[in-house]
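Read the structure below first, then the notes.
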Amino acid sequence: MRSLAACLGLMGCVLLSVRSAAAQDPRYQRLDPDTRAHVSAVIDSARTVGLPTEPLIQRALEGVLKGAGSDRIVAAVRRLAVDLGVARSALGSGASSAELEAGVAALRAGATPTVLAQLREHRHQSLTVALAVLADLAARGVPVDSAAAAVLVLAPTARDADLVEFRRAVERDIALGAPPAAATSVRLDATARAAAPGRP
Amino acid sequence: MQPRAPRHPVDPSPTNDTARRALAAVVLGVTCALMPVRASLAQTWATLDVGFSEIRYDGFLASTGAAITPGFDWSGRHAAIAARGTYLRFESGNRSLQGSFVGSLISARWHGWRAEAAADGGASSYADFARFWHAIGEVRVLRASDHRGLWFSASAGRTSFDKDLPSRPLATGSVAAWTRHRSLVLLLSASRAFVGDTQYSDIGVTARGQRGSWELESAVGARFLSRGAGRGVYGEAAVILPVDQHFAVVFSGGRYPTDPIRGSIAGRFISAAIRLRLRSATPEVPTLRLQPDAPHDSLSSSTLTVNRESSGNVRLTVRAPKARLVEIAGDFTEWQPILLARTSNETWGIVTAIARGVHQMNLRIDGGAWIAPRGTTRINGDYGDEVGTFVVP
């Protein structure tokens with residue numbers, strides 16, 4: 001009996017928090033009531049486990065803009081919440097919201113959680129741009145393992161600007177006809193290359 | 001040829017070291033073998049080393065010198081050029097000048113193989129009494145993938161060690177294989193050379209890699225079956241410590257063998273130098289450029305450019321020829337459509353606050369469908385359409 005009461009109490013709290021969250025954020029008003037309830041539940045669950053909620057709200061709002069149905073919006077938000085959780089497991093609990101979003105993009109591009117964890121290990125600066133570059137390269141057609149290897153090589157020392165420059169160079173080469181994997185390798189060599197030290 | 005007086009106590013050419021030359025060839029080979037490169041892939045590097053060295057040639061006292069070494073490399077679609085020069089002034093007051101040039105042409109891939117024809121020339125002088133030169137033609141066939149490769153090469157030419165003596169013919173043959181794992185390149189090479197009545201064989205292992213921001217390079221080799229070019233084991237290492245994008249500190253040292261082709265004698269050295277290095281600038285165009293034959297309508301040719309303003313805000317510019325109305329929506333607009341202002345006949349724009357990170361967006365032209373414009377990375381969205389992503393670093 002006590003357990004039942006506790007469950008009911010918990011459910012009540014959840015519902016209250018859902019209503020509270022939905023009531024506090026005017027953006028929820030763009031969702032129809034049914035969608036709002038489901039999306040709010042997912043978002044509050046995410047908040048409970050410490051995941052960033054803003055990307056989830058944005059995903060729901062994107063669905064509204066594009067006229068998606070309730071089921072599709074809820075599924076999209078739920079899928080993103082799951083992916084954010086996977087990204088956080090790989091990147092660590094200290095990962096920022098931007099890093100997690102970039103991590104999701106990389107995961108969806110085909111990178112494995114192991115690669116994300118290796119990036120975290122190798123790069124002590126923010127991972128946002130590194131992960132975005134990884135996702136970009138994969139989206140351009142670079143095989144994911146090649147893209148991951150390239151970013152992992154650059155990750156320890158390259159600045160964000162260097163990574164962006166690297167991505168631009170690869171992108172431009174691909175646009176002009178170079179095979180994606182080859183363009184990446186060449187740019188990687190060019191970036192990492194230094195003239196051989198001279199002997200006296 | 002036995003080492004004799006240090007008639008040419010300076011041999012600054014990076015190309016006179018078999019291992020280093022081979023490593024340079026790896027870079028060239030990888031660069032040229034990997035792809036049908038377009039002209040846009042051409043890269044140019046320039047370096048200038050200024051430093052001091054202590055050199056001890058075999059059988060002679062150590063000497064200290066100050067050196068200035070400019071270098072230039074260019075690699076393009078089917079050709080590459082490398083040039084080096086050195087001005088060195090010894091503590092004795094004697095000076096040395098040296099210059100070398102290597103140019104090569106690389107064929108298109110044929111059944112996984114490429115051919116390369118190279119010309120290698122150089123000249124040097126020490127004080128006012130020693131002059132040397134060499135001229136070599138080399139043919140190489142190579143095969144390479146992303147991570148490994150091999151080649152066979154043969155060369156022939158002439159070299160001169162004294163202005164009063166006739167030049168001597170030379171011929172070499174070599175085979176090498178390399179592999180790359182992440183930032184580490186490992187090269188194994190073996191060669192046999194004939195220079196006049198001198199002949200010798202070299203085998204070597206060269207490694208180049210990175211640890212943190214440090215760049216490391218080392219070579220170990222052995223000379224054997226030698227007549228007139230010495231024998232033994234040699235090795236050298238260098239570490240490059242970047243100070244910033246353009247400057248680095250270079251420490252190197254080791255022992256290297258006699259080079260009968262270019263006129264240097266065996267010795268050991270340590271050196272420290274400041275290196276200025278410049279790389280060809282990459283155009284600031286941050287987006288994919290239009291293909292020349294791309295249809296020129298608004299939908300297919302709309303291009304987004306993202307630039308951060310000095311104020312910290314971000315300028316979004318859309319090139320949309322013939323468009324009458326351009327709207328943008330993304331996670332930075334709460335996915336609410338925002339009308340862009342026309343900034344020229346073909347461009348539309350807005351300056352707005354956008355946080356650093358990865359952002360998603362779509363574009364709508366003249367009230368049509370939401371699209372992912374060029375200049376963004378197009379990904380499959382969760383709503384059955386394409387979404388454009390971009391990074392604000």
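The values are calculated or read from the model by the stated rules, or taken from the named source; none is laboratory data. If you're wondering where the values come from, they're calculated on a predicted model, not measured in any experiment. All Cβ positions, even for glycine, are placed from backbone atoms using ideal geometry, and neighbour counts span all protein chains on display. Remember, those area values only see protein heavy atoms, side chains included, never the ligands or the DNA or RNA. Shrake-Rupley method; radii C 1.70, N 1.55, O 1.52, S 1.80 Å.
Residue by residue through region B:373-389, note down the ones that are closer than 25 Å to B:E309 by Cβ and open to solvent by 10 Å² or more (accessible area, probe 1.4 Å). Reasoning before the result, please.
Narrowing region B:373-389 to residues closer than 25 Å to B:E309 by Cβ: B:373-377, B:387-389.
Once the filter is applied, which keeps residues that are closer than 25 Å to B:E309 by Cβ and open to solvent by 10 Å² or more (accessible area, probe 1.4 Å), region B:373-389 yields B:R374, B:G375, B:T389.
When you go through (1) in a helix (DSSP H, G or I); (2) open to solvent by 10 Å² or more (accessible area, probe 1.4 Å) one by one for A:L131, which number turns out not to apply?
Result: A:L131 passes all but (2).
With the structure loaded, tell me whether A:G85 is assigned by TED's automatic domain parsing to the domain that holds A:A37 and either at pLDDT 85 or above or open to solvent by 50 Å² or more (accessible area, probe 1.4 Å) (or both) or whether it fails that test. First the steps, then the outcome.
On the way: assigned by TED's automatic domain parsing to the domain that holds A:A37: yes; either at pLDDT 85 or above or open to solvent by 50 Å² or more (accessible area, probe 1.4 Å) (or both): yes.
The answer is yes for A:G85.
Restricting attention to region B:373-388, report how many residues are in a strand (DSSP E or B) and either at pLDDT 90 or above or of a type in the set (D, E) (or both). Spell out how you get there, then give the answer.
Step one: list which residues in region B:373-388 are in a strand (DSSP E or B), which gives B:374, B:377-380, B:386-388.
Subsequent filtering for residues that are either at pLDDT 90 or above or of a type in the set (D, E) (or both) retains B:386-388.
Of the residues in that region, 3 qualify.
Taking region B:340-372, which residues are assigned to a loop (DSSP other than H, G, I, E, B), open to solvent by 20 Å² or more (accessible area, probe 1.4 Å) and closer than 26 Å to A:G67 by Cα? I'd like the intermediate steps shown before the answer.
Residues of region B:340-372 that are assigned to a loop (DSSP other than H, G, I, E, B), as a first pass: B:340, B:343-346, B:353-356, B:366-369, B:372.
If we keep only those that are open to solvent by 20 Å² or more (accessible area, probe 1.4 Å) too, we end up with B:343-346, B:353, B:355-356, B:366-369.
Those that are assigned to a loop (DSSP other than H, G, I, E, B), open to solvent by 20 Å² or more (accessible area, probe 1.4 Å) and closer than 26 Å to A:G67 by Cα: B:D366, B:G367, B:G368, B:A369.
Can you pull out every residue in region B:175-201 that is open to solvent by 40 Å² or more (accessible area, probe 1.4 Å), assigned to a strand (DSSP E or B) and closer than 17 Å to B:S226 by Cα?
Matches in region B:175-201: B:R192, B:F194, B:Q199.
Could you count how many residues in region B:51-71 are in contact with a strand residue (DSSP E or B) (Cβ under 7 Å, 6 or more places away or on another chain), modelled with pLDDT under 85 and open to solvent by 80 Å² or more (accessible area, probe 1.4 Å)? Write out each step before concluding.
So the first thing to find is which residues in region B:51-71 are in contact with a strand residue (DSSP E or B) (Cβ under 7 Å, 6 or more places away or on another chain), and the list is B:51-58, B:62-71.
From what's left, modelled with pLDDT under 85: B:55-58, B:62-63.
Filter once more, keeping what is open to solvent by 80 Å² or more (accessible area, probe 1.4 Å): B:56.
So the count comes out to 1.
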